[in-house]
Amino acid sequence: MAEDRTPAEIRPEKLSKDSRFQFECHKMVKCFTKCCRGINIVLTPYDIIRLKNRLELPSDEFLAIYTKPEILEKTDLPVVTLKMLDDDQESCPFVRDDGCLVYADRPTSCRYYPLGVASLSHKEGADDDGFYFFVHESHCLGFEEPKQWRVEEWRKDQGVDIHDEINAEWTDLVVRKRSFPKNVMLTEEAKRMFFLASYNIDKFRDFVFNSSFLERYTIDPETVTAIKADEIALLKFGMRWLKFLLFKEGDFKLRESVVDK
């Protein structure tokens, strides 16, 4: 998801994966790190996993220290944004004058910059070529650098293609909910489960393995082994469960004893 910018800073040009642009960012560019200040970055589930592991924190501690909760516009879904420092520039907590302290594990939006990515509506198999646009801020001098890119080259170079693949099912849930009429609201319990599975991966693991969850659903042993050992597998499992919980779709099945009750 793209960071929150004012409309004047976004070019209305729609880009595809084959669109070309000119850009490069490095320490010799005079505006270096200015794009890391005064911004609102919505964090994705995979962002949380990368950052909390980088800082060696459990997910609930990372959320408490480095994020703030918000309701995503037009979705009624709870998300988190990166909590900026209380300085005169509202700086990212991880930025220093010589660069980013967590660069290898930086969020998805930071990897996309100076591009943004968006979807207009939820349609099965719609717009497979992608919908991208420039986040062109007046202070950014990276566009004056001679380096040429295709959008798809940039995505792979920045590692954002991997982030998109891991976040794909979560993004689909968000886009689908955005297409619902405004009066179709989620229950508070549904929103709590969405937040848990999306962001608090350690507590979601506890929920799956230390509650009645596995007694309520028919989950094959191979999946149970995989989600117990791997956070990414657990995250994707959680997104499939949310799809069932919110939209009654997918391959999740309640045990017959639960259905009878």
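Listed values, structure above:
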item	result
Ellipticity estimate at 222 nm from DSSP helix runs (n ≥ 4, -39,500 (n - 2.57)) divided over the chain, nearest 500	-12000 deg cm²/dmol
Per-residue ³J(HN,Hα) for region 20-37, Karplus 6.51 cos²θ - 1.76 cosθ + 1.60, θ = phi - 60°, Hz, x for Gly and Pro	10, 8, 10, 5, 7, 10, 7, 5, 7, 6, 4, 8, 3, 6, 5, 6, 9, 9
Cα gyration tensor, region 55-173 - rounded (a/c under 1.5), prolate or oblate	oblate
Candidate values [x] -0.39, -0.98, -1.45; [y] -0.45, -1.04, -1.45; [z] -0.51, -1.18, -1.41, label of the one derived for log10 I(q)/I(0) by the Debye sum over Cα atoms at q = 0.09, 0.14, 0.17 Å⁻¹	[y]
Mean separation of Cα contacts under 8 Å, 6 or more apart, over the residue count of the chain: relative contact order %	26 percent
Contact order relative to length of region 180-261, as percent, for alpha carbon pairs under 8 angstrom and 6 or more apart	32 percent
Probe 1.4 Å, accessible area per residue of the chain, Å²	54 Å²
Solvent-accessible area, 1.4 Å probe, carbon plus sulfur percent, for the chain	51 percent
Hits among lysines - C-alpha to C-alpha of residue 17 under 24 Å, sequence gap 8 or more where chains match	123, 147, 156
Nearest 10 degrees, 0 to 90: helix 160-178 Cα axis against the chain principal axis	60 degrees
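The values are calculated or read from the model by the stated rules, or taken from the named source; none is laboratory data. Only a predicted model underlies this, so the values are computations on that prediction, with no experimental measurement involved. Heads up: the accessible areas ignore ligands, DNA and RNA and are worked out on the full protein's heavy atoms, side chains in. Shrake-Rupley method; radii C 1.70, N 1.55, O 1.52, S 1.80 Å.
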